[in-house]
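Notes follow the structure.
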Amino acid sequence: MDRCVVLVDAGYLLGAAASLLAGEPSRSRITVDHSALIQGLRERAESETERPLLRIYWFDGAPDRVPQPEHRRLRVMQRVTVRLGALTRSDGRWAQKGVDAAMHAELTELARNRACSDIVLVTGDGDLLPGLMSAKEHGVAVHLWAVQAADGDYNQSEDLVAEADERRVLDRAWITKAVRAKEYPGACAPPQVPRPEIAAILSAPLPESAIAAAEQAAAGADVVEHEGRPGRTENETRESAEPLSRGVPTPKDLAALRGPSGQPAPSHAQPHPANATLRWSSDKGWVERPGIAGEGPETAMLPTLAQLTTAEQRWADREEDITTVGGDPFEVGQVFARRWLARMPDEPDRGHLQKLTTLYPRIPHRIDGELLRYAARFGLLAHKDDQIDEHDRYAIRAGFWREVDVPVEAESVTE
């Protein structure tokens, strides 16, 4: 068949691009426009092979082979097929398992079935040499593409280079059409500006009761007597002051300022500055403590999305998640809130939404837990501890509030 196929080793392509643009092979150092990258690969492949594209195969690793947000975006693009291997951690480093084997199997199968006349390989791994040679024996022309090396030397197996029919280099000018290095705050780089919705959550004021408790705790925190101890040593004082440098307590920190009955905690509790901001939108230790201004019985009784969803809707939701939801944290929060609001009964729960907005930026614990579990489906768990990244949590909850605020404001106008 007079068609071309592109096989991409994403670990090689993006790792080499990171080395070229950011000076180290970590993919976290670059930002990728996947739509532009796929379009660039297609156009270049069709131009150099003079054949129409059959398909682009994207080979990558993922923890437990669970698609990450970028994989979800890629696999719904036209003429793109995503194949995932495992991503495992050993000695503090991540390594792909099964990606080379999958590429080898696809390469030989395409050639054996004469599905195409030309195959473009974007890889540098010499383990694919047997597959490359097998494809040539079946009459397929093999084009090997390299990413320009940061040090000007080869970043591909010399055996692959020698055996390929054609070799091209994706240079810096081509790479930067779809990939750029992230800018980090420093002497020569301006600080990153957070998304306005996330910044709003970070700057939300504390409840007055929490501020008052913090002031009381701070007033008596200099020298205390506790369980027969005459007072703090110099080292203890320094240690207790260290968390203050961050200036941003979590709701769990704030909850510790008050006792189980809602009264201020003992004066040895950790103080926080009165002008601190609330970093987490909700926390079980904060919202479920009795006597604290916050979640009331009205919002505590709000139904979860699972309670509002029928079996047919659950199937449709899953279909939408797979085919149209890209996995961006802010988008995930919006999708969840949109479904939740659409299925909310008119009364009495609609009236409770007005109460919900007064808790901003906290979300009732039952709803928040369900929201984060939903987000975990999209591969947003941080690899190191199976928890969602802190910044992603802000974005997820900001997306939720964005959708909640709009309909509530609209209802207020109509009234």
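The values are calculated or read from the model by the stated rules, or taken from the named source; none is laboratory data. From a predicted model like this one, the values you see are computed outputs, not experimental measurements. Every residue, glycine among them, receives a Cβ derived from its backbone with ideal geometry; neighbour counts consider all protein chains shown.
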Open item on the list: Between Gln96, Gln39, which is of a type in the set (S, T, N, Q) and surrounded by 20 or more Cβ atoms within 10 Å (Cβ to Cβ)?
Closed with: Gln96
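Yes/no per residue for (1) assigned to a loop (DSSP other than H, G, I, E, B); (2) crowded, with 16+ Cβ neighbours inside 10 Å; (3) touching a strand residue (DSSP E or B) at 6+ places or on another chain (Cβ under 8 Å); (4) at pLDDT 55 or above:
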{"position": "Leu144", "(1), (2), (3), (4)": "no, yes, yes, yes"}
{"position": "Asp159", "(1), (2), (3), (4)": "no, no, no, yes"}
{"position": "Ala173", "(1), (2), (3), (4)": "no, no, no, yes"}
{"position": "Glu197", "(1), (2), (3), (4)": "no, yes, no, yes"}
{"position": "Ala221", "(1), (2), (3), (4)": "yes, yes, no, no"}
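Kindly indicate whether Ser267 is in contact with a Pro (Cβ under 7 Å, 6 or more places away or on another chain), at pLDDT below 70, of a type in the set (Ser, Thr, Tyr) and surrounded by 16 or more Cβ atoms within 10 Å (Cβ to Cβ). Step through it out loud before you land on a result.
On the way: in contact with a Pro (Cβ under 7 Å, 6 or more places away or on another chain): no; at pLDDT below 70: yes; of a type in the set (Ser, Thr, Tyr): yes; surrounded by 16 or more Cβ atoms within 10 Å (Cβ to Cβ): yes.
No; evaluated as a whole, the condition is false for this residue.
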Open item on the list: On the basis of being closer than 23 Å to Val325 by Cβ, surrounded by fewer than 20 Cβ atoms within 10 Å (Cβ to Cβ) and among the small types (Gly, Ala, Ser), does Ser90 make the cut?
Closed with: no
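For segment 69-96, give me each residue that is β-branched (Val, Ile, Thr) and in contact (Cβ under 8 Å) with a residue 40 or more places away in the chain.
In the first step, residues of segment 69-96 are kept if they are β-branched (Val, Ile, Thr); the result is 76, 80-82, 88.
Listed by number, the residues that qualify are Val76, Val80.
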- [ ] Give the residue that is surrounded by the fewest Cβ atoms within 10 Å (Cβ to Cβ), with candidates limited to residues of segment 65-83 that are closer than 17 Å to Asp321 by Cβ and touching a Lys or Arg at 6+ places or on another chain (Cβ under 9 Å).
- [x] Val66
Task: Within segment 43-64, considering residues that are surrounded by 14 or more Cβ atoms within 10 Å (Cβ to Cβ) and of a type in the set (D, E, K, R), the one nearest to Glu331 (Cα to Cα) - done: Asp60
Open item on the list: Need pairs with beta-carbon distance below 9 Å; first residue within 16 Å of Tyr12 (Cβ to Cβ) and within segment 157-171, second among the charged types (D, E, K, R) and assigned to a loop (DSSP other than H, G, I, E, B); sequence gap 6+ or separate chains.
Closed with: Ser157/Asp125; Leu160/Asp125
Open item on the list: Need the failing condition index for Glu137 against (1) in contact with a Cys (Cβ under 8 Å, 6 or more places away or on another chain); (2) of a type outside the set (A, V, I, L, M, F, W, C); (3) farther than 22 Å from Gly40 by Cβ, just the number.
Closed with: (1)
Open item on the list: I want to confirm something. Restricting to segment 364-388 and keeping residues that are in contact with a Leu (Cβ under 7 Å, 6 or more places away or on another chain) and at pLDDT below 85, which single residue is surrounded by the most Cβ atoms within 10 Å (Cβ to Cβ)?
Closed with: Pro364
